[in-house]
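Notes follow once the structure below has been shown.
The values are calculated or read from the model by the stated rules, or taken from the named source; none is laboratory data. Remember, it's a predicted structure, so these values are computed and weren't measured experimentally. As a convention, Cβ positions derive from the backbone with ideal geometry for all residues, glycine included, and neighbour counts pool all protein chains shown. Ligands, DNA and RNA are excluded from the accessible area calculation, which covers all protein heavy atoms including side chains. Shrake-Rupley method; radii C 1.70, N 1.55, O 1.52, S 1.80 Å.
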Amino acid sequence: MTMKDVLNRMLNHEELTREEMKEILVGITKSEFPQEQITALLTGLQMRGVTVDELLGFRDGILETGVPALLDCDRYIDVVGTGGDRKNTFNISTTACFVIAGAGYKVAKHGNYAATSTSGASNVIANHGVKFTDDVDQLNRSLNEAGIVYLHAQLFAKAMKFVGPIRKALQFPTIFNLLGPLVNPSQPKCQLLGVANLDQMRLYHHVYQKINIDYGIVNSMDGYDEISLTGDFKVTTNHYERVFKPQDLGFQIAKPEELVGGATEQEAKDIFDNVLANTALPAQKNIVLANAAFGIQVLEKGQKSIEECVEIARESIDSGRALSTFKKFVELNQ
């Protein structure tokens with residue numbers, strides 16, 4: 001299969017198979033295709049719309065050519081957003097991960113530096129003095145002793161460096177923007193994913209069904225790729241599909257300005273620290289509680305009500321366990 005054949009099929013509006021897409025991704029990592037052809041492929045996919053199998057094929061290729069993170073644990077969760085909502089919120093998913101870990105669950109957070117906001121997961125983690133690693137023994141020590149491990153994407157997804165210059169030059173989203181949440185190198189069996197629109201929710205819903213994991217997908221109807229509590233939000237899981245109001249969880253409606261991550265990485269770090277220390281604005285705490293609660297419900301296979309899960313998350317912060325979990329994590333990963 002040559003790239004010329006692939007591009008001709010794209011021009012005929014044909015879809016590619018999962019195996020073909022995997023072969024293409026592996027070929028990209030072997031520098032088998034000129035950059036112009038890769039650019040044409042990414043543009044064609046974006047114009048037509050990516051299918052479930054095409055997305056899974058690139059996922060298979062990234063995982064095969066990357067560095068695996070083999071964790072000594074069967075059940076843990078990743079909480080992540082697709083990004084790109086351009087809302088510049090504080091590190092809600094990352095903070096929620098430490099609340100979940102503080103509640104006694106296992107977490108393998110996959111993340112990177114910010115692309116469209118002030119502070120991404122890797123920014124806020126690194127700004128606490130944490131050193132990123134792909135050493136399996138170190139990763140497992142963090143998971144076993146702190147209940148949480150951080151997987152910095154650039155150490156694991158080796159394929160991404162081959163398309164970095166092309167993605168930067170194109171300046172529009174491509175299939176690679178959809179892959180971030182799907183290429184956690186530890187391949188968790190549970191995931192809470194925030195998406196920026198309902199089209200993405202449908203796409204990932206079908207993807208998760210094919211890879212057979214426990215999942216929750218959340219979208220705030222006003223465009224946030226997480227539960228923002230600024231209005232109604234939709235949740236799709238293995239067990240239900242429902243639109244919630246903040247009041248359904250006992251929360252007041254939040255104001256958009258209460259979610260902003262600040263103008264600097266230091267400001268984003270301060271909000272993150274304040275939530276874990278239980279000194280943040282009520283809205284900031286509530287937003288983290290809401291996202292953590294739906295993550296806990298995924299881990300519990302939907303067997304606990306969302307009200308129960310909110311209280312579990314609240315206890316993690318109020319008891320100080322979320323903060324002590326984070327301090328232990330930092331101590332182990334200096």
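Residue-level check: of (1) farther than 23 Å from residue 237 by Cα; (2) of a type in the set (A, V, I, L, M, F, W, C); (3) part of a helix (DSSP H, G or I), residue 56 misses just (1).
Scanning the range 138-173 for residues that are free of Cβ contacts under 8 Å to residues at least 60 places away in the same chain, part of a helix (DSSP H, G or I) and crowded, with 20+ Cβ neighbours inside 10 Å gives a single hit, 153. Just one of the listed residues (287, 296) is touching a Cys at 6+ places or on another chain (Cβ under 7 Å), at negative phi, of a type in the set (Val, Ile, Thr) and not in a loop (DSSP other than H, G, I, E, B), namely 296. Tell me whether the range 55-68 contains one or more residues that are modelled with pLDDT under 95 and among the hydroxyl-bearing types (Ser, Thr, Tyr). No, the range 55-68 has no match at all. Name the single residue, out of those in the range 174-199 being part of a loop (DSSP other than H, G, I, E, B) and in contact with a Lys or Arg (Cβ under 7 Å, 6 or more places away or on another chain), that is surrounded by the fewest Cβ atoms within 10 Å (Cβ to Cβ). So the residue we want is 189. Taken over the range 209-253, the criterion of being among the acidic types (Asp, Glu), open to solvent by less than 70 Å² (accessible area, probe 1.4 Å) and either out of contact with any Gly (no Cβ under 8 Å at 6 or more places or on another chain) or in a strand (DSSP E or B) (or both) is satisfied by 214, 232, 248.
Evaluate the following for residue 63: is it of a type outside the set (Asp, Glu), buried (at least 18 other Cβ atoms within 10 Å of the Cβ) and assigned to a loop (DSSP other than H, G, I, E, B)?
no
Given the condition among the acidic types (Asp, Glu) and either in contact (Cβ under 8 Å) with a residue 12 or more places away in the chain or outside any helix (DSSP H, G or I) (or both), answer yes or no: does some residue in the range 261-269 qualify? Looking through the range 261-269, at least one residue is among the acidic types (Asp, Glu) and either in contact (Cβ under 8 Å) with a residue 12 or more places away in the chain or outside any helix (DSSP H, G or I) (or both).
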